[in-house]
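Sending over a structure as structure tokens; questions will come in a sec.
Every number in this text was worked out from the coordinates using simple rules, so none of it is lab data. A quick note: this is a predicted structure, and the numbers were derived from the prediction, not measured. FYI the Cβ positions are ideal-geometry reconstructions off the backbone, even for glycines, and counts take in every protein chain you see.
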Ligand SMILES: Cc1cc2nc3c(=O)[nH]c(=O)nc-3n(C[C@H](O)[C@H](O)[C@H](O)COP(=O)(O)OP(=O)(O)OC[C@H]3O[C@@H](n4cnc5c(N)ncnc54)[C@H](O)[C@@H]3O)c2cc1C
Ligand code: SF4
């Protein structure tokens, strides 16, 4: 690890001012940041501890939505009664992630910003465009069982590993940001970036911008929602495939759907192609399978991960069946 | 007083461990200690051209860098017996030249005042290489496979009886399949770690090792110093599973650096480094052919294993060894081949050979049963080996049939449906599977010293170690019985190379090896005490014969009149003795052919050997005729699994292991060992595997986030049962080893249960969701 300066700030403005020092990075729960620093993947000159900021509230909004402070712990969010009741998909996604100890440390802001688990990214003995831009991609011709099949580029096929973000993608969350130029909001779909030619750029935050809140819009029917995660062990492991499903069903017909997939995309994957099939269709196996086919229609498998194409379809079909039943 | 052996007493070191008071190798507070960090190769084969440490040496606190250019020259160690010190990579003593044989090989050590400074500096070292094309991948290099002359510890690697080819021709039923297992890493919680300190020409080393005596021998040999000048401690070890049985470079690099920089040095491998520079279980490709008649009786077994080794040593994963004795068959052909790759050298991993070997053989047996439309348990019974057919010896004790019976009962075997895929619970398909477990029972020569103190407490010294298995605890029980004291009065001290030479912790041999001399030494002390009383006119036991006197709970008394006697303390106080000592050495080896080699003249072992000539317990033990017996433990593993066929998700519902391991010395530690082995087996079966890059051959998955081991949620109800029938031939205690058998058979039982649930036969471990939905 490189030596760094640690500063503790009390409010958002000081946090942002502190980022004017080159090489600054925020730290919240530290569950990802510290690992990356120990492996010299992140080498900040200054680490800004934001844990004293008052961003710990979960606030129910008059419009029925919910505003979540960026420092709310993953476990507190998952067990919050309003979340558990109104947005079970989010609760389930959070609880399927990591381990209880990690969830007690991990913050919402940190979860949004967590970096990939591509093994080559973690291993300085190998090339990786995300770690060292332009060095090459170890995974494409290497061992890529856990890598992505959607949103990949010739430069990078790393998955976005978060479970929480898959639920938030489905919910269409809005990210509130405070920066040198004031506050702004970023729609979830625009927050994470595809790797394209620049896999080291992963999100739409500029240097000095702080995530302050995440807003979940009101979705009256989101109580009918579900997160399903398939993985190599029963707990404490990232998804091979996962699906977040929210369905508005009346009289056996799907009026509206929100679908997102995890474990397969280079960013949390909103499956609008599946939604197109589902919206207006009858809730049955045929519809579900057709939606799954559509969701994965653009998927591209690599040497070790082609199985994810079928597995992701089945994961989505199962999640839809569990949520929507079969009329 | 009831014997202590057999009681489920708590671990004597439990409190120390859970409170953090137990000192592991890297935890000794040493004055002026400095920290070494290893820099490892980032190429797979070639030479180090240049190591530029200019930036690194500027980091505050950095003391220096040790490379092949400035490191001391090591002497080539002569032996290869782990109990005397086996270096894991005989042709790669560390930092002796610029050659690189694998990725992750130690090429330099940075030493600094703090760990953080050393880490920071290590990252600033720039290494350039002359890279050469490397040999990558066992499959791609299969044509280079060769037959090794011998297996682990000089054992056989090519075993034959009868005529397999002819028998196969006339076999009514045949199966022939290839089974593959990936590379597995031990992943002990404690990484390999060493502290080395020189005081003049005397070297003290704190090491995470399964053999303090081996490390002592090896350090003396490689550093070229007398063994008396080397002191090794391994008081507590955070697991080894074989990875700390041979000695790895860290154990040599720490004293080398300590000498070079004239400061005590601590060197701890990172988790990532453990994945390349500290052994592994090799990948195996096993082809098994079984021939049987219509009744299921085997006529021929062929088991051909190809595994990998390095270019700097030879290690054979003898997967077929158990096959040569597990079932009755007149014709057998077990062979092993090796392919050399540019990887670090493999080494024993919990049940080396037996773990992957019983996977393949026991799945093959299941396939044969299915082909015969026969209950797989029935097939095992039909082919039960009543004797060890390869060595043509009786088993010292074998209750395998009872294991099968009890296991079948406990899992509910009668609920199993012969036709795969026909039993359901909700979304899940249900399957049952079983397999036989086996592991040889090993015992080797060991020495111990017993001391009784005037206050009535006692102590045992033995140069073996407790690698986390419970040796401290069970040896306390053994000693307590020898001394006729309650266990809380006895202190067992291990993990110190100046103690009398005890066994290496490997091959499940510790209890069987060091138990008897510990018992004999304690009995020897009591015998001395009784004789003191007999010749003491002031003793109520004066003038009686030794046979008339018994010891019980700190007191000696007449057998016929227990009231007549006195306490140990009374005898010793009157005699003005503050302690009474005895040493014992039992020269029993289940592996060595012929008479035991006597200890070198003048050595502490030679003294113990001399004293043992008059030790009744040793004499009786050594007198036991063992040459006509084969020593093996057995067991039956039963599994119930639930499989979600759409998503390929596997949930193990219940596992049962019934073990025939001789005397159960302590139900808690015994259950713990078997359970741990079974959990290891779940890992092997369902998730563990180390991946190497297909293009450059270096380890890709090298931390515990990428290398999955089972977590609590993966572990179902586990039932462990024991037959608990003493094996009177292995030792007077009757206990065979227990550390490794738990992992054997279990992987096959899981694979067989998955087949029974789904009809899918996955012959390539681990069985992950992708393979089930394929
Ligand atoms: C062993 C292990 C297993 C895991 N398994 C899972 C899993 O199964 N599923 C899953 O979803 N996740 C998993 N995780 C990841 C975990 O969810 C993340 O590490 C965690 O959410 C990060 O949050 P944190 O507060 O600790 O972030 P930090 O580590 O403190 O920070 C991470 C990044 O976020 C930035 N950051 C933090 N807060 C803000 C803010 N308010 N504004 C701007 N930037 C900010 C930091 O600068 C840093 O770049 C696992 C992690 C580990 C270590
Ligand atoms: S997939 Fe992305 S993160 Fe992985 S090695 Fe390639 S560039 Fe790096």
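Shielding by partners for B:40-46, please: the mean number of other protein chain Cβ atoms within 10 Å of each residue's Cβ. Provide the component values of the computation, followed by the final result.
Working: counts 1, 1, 4, 1, 1, 0, 0.
Going residue by residue through B:40-46 and averaging, the value is 1.
Here's something else I'd like to know. Quick one: divide the alpha-carbon radius of gyration of the range B:540-618 by 2.2 N^0.38 Å and tell me what you get. Working shown, then result.
Details: Rg = 17.3 Å, N = 79, 2.2 N^0.38 = 11.6 Å.
Ratio of Rg to 2.2 N^0.38 Å for the range B:540-618: 1.50.
Rounded to whole Å, give me the distance from the Cα center of the range B:667-711 to that of the range A:262-293.
Comparing the Cα centres of the range B:667-711 and the range A:262-293, I get a distance of 36 Å.
Sticking with this one: Among A:26, A:121, which comes first, second and so on when ranked by fewest other beta-carbon atoms within 10 Å?
On the way: A:26 27, A:121 24.
Exposure proxy ranking, most exposed first: A:121, A:26.
Which whole number gives the average, over all residues in A:318-325, of C-beta atoms from other chains lying within 10 Å of the residue C-beta?
The mean count of partner-chain Cβ atoms within 10 Å per residue comes to 1.
Report, in degrees rounded to the nearest 10, the 0 to 90 angle that the Cα long axis of helix A:307-324 makes with the longest principal axis of chain A.
70
Please average, across the residues of A:116-129, the number of beta carbons from any other chain that are within 10 Å of each residue's own beta carbon, and give a whole number. Walk me through the numbers on the way to the answer.
Details: counts 0, 2, 2, 10, 2, 0, 7, 10, 3, 15, 7, 1, 0, 0.
Per residue, the average neighbour count from other chains is 4.
Another one. Quick one: of the DSSP bridges fully inside the protein assembly as shown, what percent are antiparallel, nearest 5?
Details: 141 of 183 bridges.
DSSP beta bridges in the protein assembly as shown are roughly 75 percent antiparallel.
What FRET efficiency would be calculated for the residue pair residue A:79, residue A:285, taking the C-beta separation as r and a Förster radius of 30 Å, to the nearest 0.05? Can you show the working numbers first?
Working: r = 34 Å, r/R0 = 1.12.
It comes to 0.35.
Expressed as cubic angstrom per residue, what is the convex hull volume of the alpha carbon set of chain A?
Values: hull volume 41.0 nm³, N = 327.
Looking at chain A, the number lands at 125 Å³ per residue.
If you don't mind, another one. Exposure proxy check: B:514, B:334, B:18 ranked by fewest other beta carbons within 10 Å? The partial results should precede the final answer.
On the way: B:514 31, B:334 26, B:18 10.
Ranking B:514, B:334, B:18 by Cβ neighbours within 10 Å, fewest first, gives B:18, B:334, B:514.
Shifting gears a bit: Would you list B:434, B:72, B:189 from fewest to most Cβ contacts within 10 Å? Can you show the working numbers first?
Values: B:434 29, B:72 16, B:189 10.
In increasing order of surrounding Cβ atoms, one gets B:189, B:72, B:434.
So what is the relative contact order for the range A:1-51, in percent, with contacts set as C-alpha pairs under 8 Å and at least six apart? Don't jump to the answer; show the numbers that get you there.
Numbers: 76 pairs, mean separation 29.4, N = 51.
Answer for the range A:1-51 is 58 percent.
According to a simple spin-label model (label point 7 Å from Cα along Cα-to-Cβ), what is the distance in nm between residue B:78 and residue B:131?
Each label point lies 7 Å from its Cα, and together they span 4.3 nm.
Please work out how much length the chain gains when fully extended from residue A:40 to residue A:6, using 0.36 nm per residue of separation minus the C-alpha to C-alpha distance, in nm with one decimal.
On the way: separation 34, 0.36 × 34 = 12.24 nm, distance 1.65 nm.
Extending this stretch completely gives an extra 10.6 nm.
Follow-up. Could you work out, for the range A:1-51, what percent of all Cα-Cα pairs fall into each 5 Å distance bin, beginning at 0 Å and stopping at the bin that holds the largest distance?
5, 23, 32, 24, 12, 3, 0
If you find the alpha carbon centre of the range A:1-26 and of the range B:400-477, how far apart are they in angstrom?
For the range A:1-26 versus the range B:400-477, the Cα centre distance is 54 Å.
Given that compact globular proteins tend to follow 2.2 N^0.38 Å, what is the ratio of the alpha-carbon Rg of chain B to that value? Present the calculation step by step, with values, prior to reporting the outcome.
Values: Rg = 27.2 Å, N = 774, 2.2 N^0.38 = 27.6 Å.
Relative to the 2.2 N^0.38 Å estimate, chain B comes out at 0.99.
Past the 23 angstrom mark, what percentage of all C-alpha to C-alpha distances in the range A:225-324 do you count? Don't skip to the end; give the middle numbers.
Details: 978 of 4950 pairs.
When all Cα pairs of the range A:225-324 are counted, 20 percent exceed 23 Å.
Further question: By how many degrees, between 0 and 90 and to the nearest 10, does the Cα long axis of helix A:285-295 differ from the longest principal axis of chain A?
Computed tilt is about 30 degrees.
For the range B:353-463, what number results from the quotient of the Cα radius of gyration and 2.2 N^0.38 Å? Please report the intermediate quantities before stating the final value.
Numbers: Rg = 21.8 Å, N = 111, 2.2 N^0.38 = 13.2 Å.
For the range B:353-463, the normalised Cα radius of gyration comes out at 1.66.
In square nanometres, what is one fourth of the surface area of the convex hull spanned by the alpha carbons of the range B:628-755?
Values: hull surface 43.4 nm².
Result: 10.9 nm².
How many angstrom lie between the C-alpha centres of the range A:28-104 and the range B:502-549?
Distance between centres, Cα-based: 64 Å.
Per DSSP H run of n ≥ 4, the term is -39500 (n - 2.57); total these for chain B, divide by its residue number, and report the mean residue ellipticity at 222 nm rounded to 500 deg cm²/dmol.
Values: 19 runs with 201 residues, N = 774.
Here the helix-only value at 222 nm equals -8000 deg cm²/dmol.
What is the extension gain from residue B:70 to residue B:728, computed as 0.36 nm multiplied by their sequence separation minus the C-alpha to C-alpha distance, in nm to one decimal?
On the way: separation 658, 0.36 × 658 = 236.88 nm, distance 5.60 nm.
Result: 231.3 nm gained on full extension.
Using 0.36 nm times the number of residues separating residue A:235 and residue A:326, minus their current alpha carbon distance, what extension gain do you get?
That works out to 29.9 nm of additional length.
Another one. Using Cα pairs closer than 8 Å and at least 6 residues apart in sequence, work out the relative contact order for chain B, in percent. Before the final figure, lay out the partial values.
Working: 2017 pairs, mean separation 124.2, N = 774.
Result for chain B is 16 percent.
Return, for the Cα atoms of the range B:108-260, the radius of gyration and Dmax in Å, separated by a comma.
My reading of the Cα-based Rg and Dmax gives 22.9, 73 Å.
Where both residues lie in chain B, what percent of DSSP beta bridges are antiparallel, nearest 5? Let's see the in-between values first.
Numbers: 102 of 135 bridges.
Here the share of antiparallel DSSP bridges comes out near 75 percent.
If you average the sequence gap of Cα pairs under 8 Å that are 6 or more apart and divide by the length of chain A, what percent do you get for the contact order? Mind dumping the intermediate values first?
Numbers: 778 pairs, mean separation 54.8, N = 327.
Relative contact order of chain A: 17 percent.
Work out Dmax and Rg for the protein assembly as shown from the C-alpha atoms and quote the Rg first, both in angstrom.
31.8, 107
Same structure, new question: Report for the range A:7-144 the percent antiparallel among DSSP-assigned beta bridges with both residues inside it, nearest 5.
That works out to approximately 45 percent antiparallel.
Here is a further query. Where in the range B:702-725 does the label zone of residue A:101 land, with the point 7 angstrom along Cα→C-beta and an amide N cut-off under 20 Å?
Once the point is set 7 Å along Cα→Cβ of residue A:101, B:702-715 turn out to lie under 20 Å by backbone N, inside the range B:702-725.
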